[in-house]
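A short write-up of the structure that comes next.
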Amino acid sequence: MKRTALVIAAALCATLLGAVPAQAEERTCRGTIGAVTVDNLRVPSNATCTLEGTRVKGTIKVERNATLVATSVRVNGNVQAENHKHVTLTKSTVGGSVQLEQGKTATVTSNSVKGDVQSFTNRGKQTISSNRIDGNLQCKSNVPAPTGSRNVVQGNKEDQCRRL
């Protein structure tokens, strides 16, 4: 009986006070971030962000006309770039996928990616080399077609990336 009353009281308190959702903080990067840990990271429009040994618990988002240069980083989530100016991802580990869409140039070299690497509708040189990709390597509608070699892909190499 006492236990039931405690459970009801706890539920009532939670209802009256309201549950406070846990929110990951987003850090905006302009400049250089070294070997620290952040939740999510955003490279805002027209900015340049250099990451050196940084750990990202969530996702990296690269916005319009922004540049990301990431070396020896660990990303638990995804690396997402849309309408980007340039992305360089080197000697890093990505727990999710790498998505490069409708941007300009990118270099993805010597990384371990648990998900997919996708390059869609970019208008600049895309180089994808020496990566270990647990998902698929997918490239479509890029001008010029991506170049690269020595990618070990557990899934499929598709479209413009079928020979990489």
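Some notes on this structure:
- The residues listed here are V153, V113; of these, the one that is β-branched (V, I, T), within 17 Å of A81 (Cβ to Cβ), surrounded by 15 or more Cβ atoms within 10 Å (Cβ to Cβ) and modelled with pLDDT of 95 or more is V113.
- Residue within the stretch 118-128 that is β-branched (V, I, T) and over 19 Å from C139 (Cβ atoms) present: no
- Apart from one condition, L100 fits all of (1) in a loop (DSSP other than H, G, I, E, B); (2) under 11 Å from the mean Cα position of the chain (by Cα); the exception is (1).
- Taking the criterion of being over 11 Å from the mean Cα position of the chain (by Cα) and outside any strand (DSSP E or B), the residues of the stretch 48-91 that qualify are G53, T54, E63, R64, N65, A66, S72, N83, H84, K85, K91.
- Filtered residues of the stretch 116-133 (kept if in contact with a strand residue (DSSP E or B) (Cβ under 8 Å, 6 or more places away or on another chain), in a loop (DSSP other than H, G, I, E, B) and surrounded by fewer than 17 Cβ atoms within 10 Å (Cβ to Cβ)): T121, G124, K125, S130
- Residue list for the stretch 134-150, filter: among the aliphatic types (A, V, I, L, M) and either surrounded by 19 or more Cβ atoms within 10 Å (Cβ to Cβ) or touching a Leu at 6+ places or on another chain (Cβ under 9 Å) (or both): L137
- Scanning the stretch 103-131 for residues that are over 14 Å from the mean Cα position of the chain (by Cα) and not hydroxyl-bearing (S, T, Y) turns up G103, K104, F120, N122, R123, G124, K125, Q126, I128, N131.
- For the stretch 116-139, a tally of residues being among the charged types (D, E, K, R) and either at pLDDT below 95 or more than 25 Å from S45 (Cβ to Cβ) (or both) returns 3.
The values are calculated or read from the model by the stated rules, or taken from the named source; none is laboratory data. The model shown is predicted, which means the values in this text are computed figures rather than measured ones. Cβ sites come from the backbone with ideal geometry, for glycine too, and all protein chains shown count toward neighbours.
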